[in-house]
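One structure is given below, encoded as structure tokens.
The values are calculated or read from the model by the stated rules, or taken from the named source; none is laboratory data. Owing to the predicted nature of the structure, the values given are computational and were not obtained by experimental measurement. Positions of Cβ are generated from backbone atoms using ideal geometry, with glycine treated the same way; all protein chains shown enter the neighbour counts. With ligands, DNA and RNA removed, areas are computed over all heavy atoms of the protein, side chains included. Shrake-Rupley method; radii C 1.70, N 1.55, O 1.52, S 1.80 Å.
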Amino acid sequence: MLLTGFDAFGGESINPALEVVTRIQGSMDTGIGVINVRSLEIPTIFGQAIEKIHSVMREWQPHIVICVGQAGGRYQMTPERVAININDANIPDNDGQQPIDMTIVENGPAAYFSTLPLKKIVCELRSIGIPAAVSNSAGTFVCNHLFYGLMHIIATEYPKVKGGFIHIPYLPSQVIDRALPSMSLDDMTRAMHSVIKTCVNDLVIQEHTC
């Protein structure tokens, strides 16, 4: 399994997505077997984000790819349902780029749906006391850009790979002076362990019923 997390952006000094995925890398017992989880830092830069994940997927050949991103203002773990073929940034990325109304893949589909078991993920997270809900908008910044790029790579090169995107809240340290929701790093790490187990179990079930 490949997990990705972005570097800090938008004036923040930390990105909870990267903090979480780097905590999880290594061997992990899913209850039905041990898997190897690798984490990857993604630059919050249009173009480079997709190039990096594409290169690493060629090298590592993962069976499941989960991209994780920060969604300031959300209080839940929110697996994303759909990625859309548009870059429309309201702030510059970490390279100063700010594309407006530009397609991600010329002549590509308008959208791609996640192939992760979204409802199962949400149910399992809620069962362990983690707020969670399916989201129908990954925005139009680099998160959606990477999500769409990932699903395009899967659709055109690795059709058996499962992939998707999950947005997570701010860390408490990021909202000390702001009245915004947050979630502890321990809880988000526990949540991502649950997500991984759910995705692996779902993939094994699918393989055994085909």
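Descriptive notes on the structure:
- Residue selected from the stretch 161-188 under the condition farther than 14 Å from Thr78 by Cα and touching a residue at least 60 places away in the same chain (Cβ under 8 Å), by the criterion surrounded by the most Cβ atoms within 10 Å (Cβ to Cβ): Gly163
- Criterion: more than 21 Å from Leu2 (Cβ to Cβ), more than 15 Å from the chain's Cα centre (by Cα) and open to solvent by 60 Å² or more (accessible area, probe 1.4 Å) - qualifying residue of Ser127, Ser137: Ser127
- Selection of strands (runs of 3 or more DSSP E) fully inside the stretch 1-57 by the criterion of at least 1 residues being within 18 Å of Ile154 (Cα to Cα) returns 2-6, 34-42.
- Any chance Val37 is more than 26 Å from Glu106 (Cα to Cα) and open to solvent by less than 10 Å² (accessible area, probe 1.4 Å): yes
- Gly72 vs. criteria under 17 Å from the mean Cα position of the chain (by Cα) and among the small types (Gly, Ala, Ser): yes
- Subset of the stretch 70-88 that is under 23 Å from Val175 (Cα atoms) and in a loop (DSSP other than H, G, I, E, B) - its residue that is least open to solvent (accessible area, probe 1.4 Å): Ala71
- If you go through the stretch 97-122 and pick out every residue that is open to solvent by 30 Å² or more (accessible area, probe 1.4 Å), farther than 16 Å from Gly139 by Cβ and touching a His at 6+ places or on another chain (Cβ under 9 Å), you end up with 2.
- The condition of being within 22 Å of Ala8 (Cα to Cα) and small (Gly, Ala, Ser) holds for only one of Gly72, Gly129, Gly33, that being Gly72.
Listed here are the residues, each with its yes/no results for (1) over 23 Å from Pro131 (Cβ atoms); (2) at pLDDT 95 or above.
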{"residue": "Gly5", "(1), (2)": "no, yes"}
{"residue": "Glu12", "(1), (2)": "no, no"}
{"residue": "Glu19", "(1), (2)": "no, yes"}
{"residue": "Ile24", "(1), (2)": "no, no"}
{"residue": "Asn36", "(1), (2)": "yes, no"}
{"residue": "Ile45", "(1), (2)": "yes, yes"}
{"residue": "Met77", "(1), (2)": "no, yes"}
